[in-house]
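**Q** My questions will all concern the structure given below.
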Amino acid sequence: MARSIQATKTAVKSVPGKRSKKDDPKPTRRAPEVEKRPHRYRPGTVALREIRKYQKSTDLLLRKLPFSRLVREIVNQFTQDRFLDADGSNNLRLQSSAIGALQEAAEAFLVHLFEDANLCAIHAKRVTIMQKDIQLARRIRGPFGGLA
């Protein structure tokens, strides 16, 4: 077996007046600055958070003033002739507690209607509530909407 001489690495000596490549400062390239996009949650995460928030709370979801206006408008339609003043304005007054009770009842009715509509959507193997689910829920409930 023949022996071979291994090539030894010789140390590179620096020559005065010359700079090595390591010493040469090159202008470093910066990565192009990319606009940082705002953080986005995955689809459905915010919806689930809102569901939990509204299920914890007991406060009313409809605003009081628009609901009060709606109630007064409906009351005025039903009582146009009966409670008119001499100047032709309606003098029928409503207590704030009566409007509050109507709002509580209306929101409870809507919550139960959406619960039933959700069951109809699940029965149809869907997740999204559609108009036909609400119509079916109202039809199943009957003429009084489950209030009788």
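Coordinate-derived values only; no laboratory data. Everything numeric here is computed off the predicted structure, so don't read it as measured data. FYI the Cβ positions are ideal-geometry reconstructions off the backbone, even for glycines, and counts take in every protein chain you see.
**Q** Tell me the net charge near Leu70. Cut-off is 12 Å between Cβ atoms, Leu70 excluded, with +1 for each Lys or Arg and -1 for each Asp or Glu.
**A** +3
**Q** Relative contact order (percent) for region 54-146, with alpha-carbon contacts under 8 angstrom and 6 or more residues of separation?
**A** The value is 20 percent.
**Q** Within 10 Å of each residue's Cβ, count the other Cβ atoms and sort Leu113, Leu61 from fewest upward.
**A** So the residues, fewest neighbours to most, are Leu61, Leu113.
**Q** Something else about it: Taking the Cα-to-Cβ direction at Asn90 and at Glu50 and moving 7 Å from each Cα, how far apart do the two end points lie in nm?
**A** In this crude label model, Asn90 to Glu50 measures out at 3.3 nm.
**Q** Could you please rank Phe144, Phe109, placing first whichever residue has the fewest other Cβ atoms within 10 Å of its Cβ?
**A** Phe144, Phe109
**Q** Considering only DSSP states other than H, G, I, E and B, which trypsin sites (Lys or Arg not before Pro) in region 59-148 qualify as loop sites with at most 11 other Cβ atoms within 10 Å?
**A** Arg63, Arg82, Arg93, Lys125
**Q** Can you give me the distance in nm between label points at His39 and Ala108, each placed 7 Å from the Cα along the Cα-to-Cβ direction?
**A** Between His39 and Ala108, the label points sit 4.1 nm apart.
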